[in-house]
Amino acid sequence: MGGEQVVDNKVAHILLLPLPLQGPVNCFLKLAHLLSTGNDNDFHITVVNAAFIRLRLPDLPSRFPKVSFVEISDGIAGDHPRPPSEFSDMVRNFETGFISRLPELMPATCLIADGVFPLAGKKAMEMGIPVVYFSTLSPSCVWASCRLVPMLVDARLVPFKNGDLDEAVTNIPGSEAAIRRRDLPGICRAQDMDEPYVQLILRECRELPIAQGHILNTYDKLEGTALLSQLRSLFPNLYTIGPIHSLAKTRIPRDMTDPKMGQCSSFWHEDRSCLKWLDEQPSKSVLFVSFGSIISLTVDQLTEFWHGLVNSGTRFLWVQRPDSSVRADDDMFLSKLPPEILKGGKERGRVVTWAPQEEVLAHRAVGGFLTHSGWNSTLESVVEGVPMICWPKGIDQLVISRFVEEDWKIGIDMKDKCDRVVIEGMVRDLMERKDEFFEKAEVLAKLASEAVNEGGSSWCALNRLIEDIKFRRLVIPQ
């Protein structure tokens, strides 16, 4: 990592610039895997990583022998995954570092960057490098953020003047869902539109459409014709290549590459013993609980979830990261639980620090997923046909959870609630109606499989992206 770049001018050189968070890094590494593997993919790939990721993922160079890795500091000390409070500084420092290093990475045929780096995109285009933004958020949120949110900000309708978050928002074409204020992208809840994080997102939303292409991690039949039409009005050259984790599995034969290349690039060690525990459980009896790589529960929230899950009588497998401020297996926390709750948790629950999520969701014992509604987690659940209870906290999660319940009807939206009685009731509801939810979820899973197999929409979109880069079809307007 971080070595001098030697690039053959005749070979297309693709720079990948992911946002240094768990979800985006996973998506970009899957894309690097797809672009660097195959008989016809004659590319040189350089992934630009934040320096702390090397400490978390030291085996990347051996897993991706056809990919070069360059390190840039994000200006923040330590090797811990960055919390929301450091997000704005991380993005600014990392983007500035990339811009200063860009001349060293030349020549480059194309920059594929996370959409949160519009200044990097502008600089690349000034240097004659076409730009494709890879927005790893949900398409519904990308559209709402790029078209609707700037209109609301310009009209001074956000921050919302009154507290009625259930008031309907009627001007979101392309969706059958009844979108409420509480379902809009997270920045709409900010109290000050001048906050650095809010301004960062607004800048991204206004700058995205100037790029030469846009990649979305989705498949056409999940989004529907109306929403895709709206997205293409913003981004005419659109590549829908998702679910990317599933496309990577179907696109690349196992005998063409080291199986380790396709593994999830987790920032934490995966406790695979949970798979053996699942083997011992009845079919579709377990609720998988994971709130992703960023959210940390408060003591009160953890208490409410613990009571709700145990009182529901449902078996559960709960992921609680080692960096969580409080965990349900901490002796101090457990000592505060009533004996009957403590007993029920031990009998029916299992807590792990991190899990191989794709394998867990594919396990026959899993009958539901209590999730923060991150886009990667949502797509992984869709691919495996697993219904969801959605407890979103911000960003695109607020939009996704509404689509899960209202558009796709494969789960329950629990946003803005954290009460043990509500949690118990929704868990019971999902698990008791799981056959009804599974029927709808299996339809979307089948459509996802069709999209990523040869001839499917996502398969063909990736072909077009590869050809557009290889034959230099991405052109910067003069």
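General observations
- Top-ranked residue of segment 75-132 - restricted to ones that are among the hydroxyl-bearing types (Ser, Thr, Tyr) and more than 22 Å from the chain's Cα centre (by Cα), ranked as nearest to ALA32 (Cα to Cα): THR109
- Matching residues, segment 130-149, being within 22 Å of ILE469 (Cα to Cα) and buried (at least 24 other Cβ atoms within 10 Å of the Cβ): VAL131, TYR133, PHE134, SER135, THR136
- Just one of the listed residues (VAL310, VAL326) is buried (at least 16 other Cβ atoms within 10 Å of the Cβ), closer than 19 Å to CYS274 by Cα, touching a residue at least 24 places away in the same chain (Cβ under 8 Å) and of a type in the set (Val, Ile, Thr), and it is VAL310.
- Scanning segment 411-458 for residues that are in contact with a helix residue (DSSP H, G or I) (Cβ under 9 Å, 6 or more places away or on another chain) and under 12 Å from LEU222 (Cα atoms) yields a total of 10.
- Unmet requirement for SER68, which otherwise passes all of (1) of a type in the set (S, T, N, Q); (2) surrounded by fewer than 21 Cβ atoms within 10 Å (Cβ to Cβ); (3) farther than 24 Å from THR240 by Cα: (2)
- Segment 342-362 - residue that is surrounded by fewer than 23 Cβ atoms within 10 Å (Cβ to Cβ) and in a loop (DSSP other than H, G, I, E, B) and, of those, modelled with the highest pLDDT: PRO356
- From the list GLU86, GLU126, the one residue that fits, being under 24 Å from PRO196 (Cβ atoms), surrounded by fewer than 22 Cβ atoms within 10 Å (Cβ to Cβ), free of Cβ contacts under 8 Å to residues at least 12 places away in the same chain and of a type outside the set (Gly, Ala, Ser), is GLU86.
- Yes/no for ILE112 being without any contact (Cβ under 8 Å) to a residue 40 or more places away in the chain and surrounded by 21 or more Cβ atoms within 10 Å (Cβ to Cβ): no
- One residue from ARG327, ARG321 being among the charged types (D, E, K, R), over 30 Å from VAL142 (Cβ atoms) and in contact with a Ser or Thr (Cβ under 9 Å, 6 or more places away or on another chain): ARG327
- Here the helices (runs of 4 or more DSSP H) wholly within segment 385-463 that include at least 3 residues being over 23 Å from the mean Cα position of the chain (by Cα) and surrounded by fewer than 24 Cβ atoms within 10 Å (Cβ to Cβ) are 420-432, 434-452.
- Residues located in segment 15-34, provided they are within 15 Å of LEU465 (Cα to Cα), touching a helix residue (DSSP H, G or I) at 6+ places or on another chain (Cβ under 9 Å), crowded, with 22+ Cβ neighbours inside 10 Å and of a type in the set (A, V, I, L, M): LEU15, LEU16, LEU31
The values are calculated or read from the model by the stated rules, or taken from the named source; none is laboratory data. This structure is a prediction, so every number in the text was calculated from the model and none was measured. For neighbour counting, all protein chains shown are included, and Cβ atoms are generated from backbone atoms with ideal geometry for every residue, glycine included.
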